[in-house]
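Derivation of every value follows stated rules applied to the coordinates shown; laboratory data play no part. From a predicted model like this one, the values you see are computed outputs, not experimental measurements. Note: ideal-geometry Cβ built from the backbone for every residue, glycine included; neighbour counts use all protein chains shown.
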Amino acid sequence: MAINYQERIPNNVDLSSDRRLQRALEHWQPKFLDWWMELGPEGFQAADVYLRTATSVDAKGWATYGAVKMPDYRWGIFLADRVEDRRIGFGDNMGEPAWQQVPGEHRATLRRLIVTQGDTEPASVEQQRLLGLTCPSLYDLRNLFQVNVEEGRHLWAMVYLLHAHFGRDGREEAEQLLARHSGDSDNPRILGTFNEPISDWLSFFMFTYFTDRDGKYQLKSLAESGFDPLARTCQFMLTEEAHHMFVGETGIGRVVKRCLELMKELGTDDPAAVRRAGGIDLPTIQRYMNFWFSSSLDLFGADISSNAATSFAAGLKGRPDETRYEDHVEADTVTKLPVPDGKGGVTEEEVPTRNAMNYITRSAYIRDCEIGVKRWNRTIEKAGADFQLTLPSERFNRKIGAWAGLPITPEGKFTDPEKHAAMIGEWLPTEADRQHVRGLMVQVTDPGKMASWIAPPDRGINNLPVEYEYVHLAN
Ligand SMILES: [Fe+2]
Ligand SMILES: [Fe+2]
């Protein structure tokens, strides 16, 4: 169905045919806008930003580009097209017709899944709200805002489900999604990582590469859901999410490239020299990667999880790309996974596959994370530098699950706690690293110009030149 832009809330769900729902969402809309003005991007609400907006949900026409002031962005409700006679693809209800309404017995679980996903969307906007003040270029500033408005839209996507399918509790949950705030000591966001401010652009690129990719895997699992409106919502969100990871991958790639340029100019691979020349050295990039990768792994939850088993059995949350697995029921199958043996070593534990869903999803995520790392390493190799970026072991620096708090090296080996404590500054960003990176963050707003620590992108947005004025600042 085409998207109706004539209405106050653009949508392709025939919202006007359900007056009660429409009124309820129109009531929520000004609260959303208040939230956006208060906790959205600081300092640029009056600027014209070259943004894409969804105009249909098919592969071709879904994005149109044009200059928009962010508060005028057409946030709306867009679901992927309905598949006729869609069936539940996994779990105990496999083969039955997909649910168009919330099945009563799964209502609480489903609501929790939707609220947890929904909470991360506005949280990331809040975390990133000051970044515009130190943008390295107008191109990057525009990308930040594109990500921000789309995370705002993802909030709409979840709020629609809550309003349309969960009655009064759903409306209350929708209010709470605007009431919790990232880092608020009284009323924080649900997941830990989403309460840390993102105060520099290297962290922003790491976030969009690693943490948005966790989002991708959560959405892929929910896109399999037997609850059809959730599946269709998540399918469309994935289309938008791809750009966020592109921002991360190319962003990190450009920081690497700039560092290599400086190393060549200076004729040295000394990190201190790169720093003095206004770049970010490769070991610092590696430490940021170690931090963001490990904290994003925690977002998948514990490897062995009865909650995950329940959601799978019920047909609410599948595995990413469920069709690729042979067995979609996994009734009595087992999976072996590595766990600490309690004596400073690693052993294997056999658990019901349904309980290992987080582990399986995380493993797919890790393989996906490797792709960008390979690309960055190719750039390093081509430049002739003797350095390789690597993802740390999934056991390193974990806060959640069986590996939490253990003295493990980035290579995944146990070490004694004292050695571990002594080495941590080699493995994770130190205060000095953070200070250096923060010190480089100065706002650059001349069209086409880049900050000292980042190379220009290979191409602009939507075939426009890199020098295009992607954000027209209000005077
Ligand atoms: Fe999102
Ligand atoms: Fe995202």
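Below are the figures for this structure:
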item	result
Unsatisfied cross-links (Cα-Cα over 21 Å) in the set 257/374; 257/413; 374/413; 336/413	257/413; 374/413
Cβ-based exposure ranking for 470, 5, in which fewest neighbours within 10 Å come first	5, 470
Total charge dipole magnitude, segment 1-90, about the Cα centre, Cβ charges on Lys, Arg, Asp, Glu only, Debye to nearest 20	180
Debye, to nearest 20: dipole size of the chain, +1 on Lys, Arg Cβ, -1 on Asp, Glu Cβ	520
Cα-based shape type of the chain, given that a ≥ b ≥ c are square roots of the gyration tensor eigenvalues and the cut on a/c is 1.5	oblate
Alpha-carbon Rg with Dmax, taken over segment 385-475, Å	20.2, 58
CD proxy at 222 nm, helix term only [per DSSP H run n ≥ 4: -39500 (n - 2.57); per residue of the chain; nearest 500]	-15500 deg cm²/dmol
Beta bridges per DSSP with both ends in segment 15-472, % antiparallel, nearest 5	95
Residues 207, 44, 414, sorted so that the one with the fewest Cβ neighbours within 10 Å comes first	414, 44, 207
Gyration tensor verdict on segment 193-346 (Cα atoms; rounded if a/c is under 1.5, prolate if a/b is larger than b/c, oblate otherwise)	prolate
Rg/Rh ratio calculated on Cα atoms of segment 362-419 (Kirkwood radius)	1.08
Exposure proxy ranking, count of Cβ atoms within 10 Å, fewest first, for 328, 420, 27, 244	27, 420, 328, 244
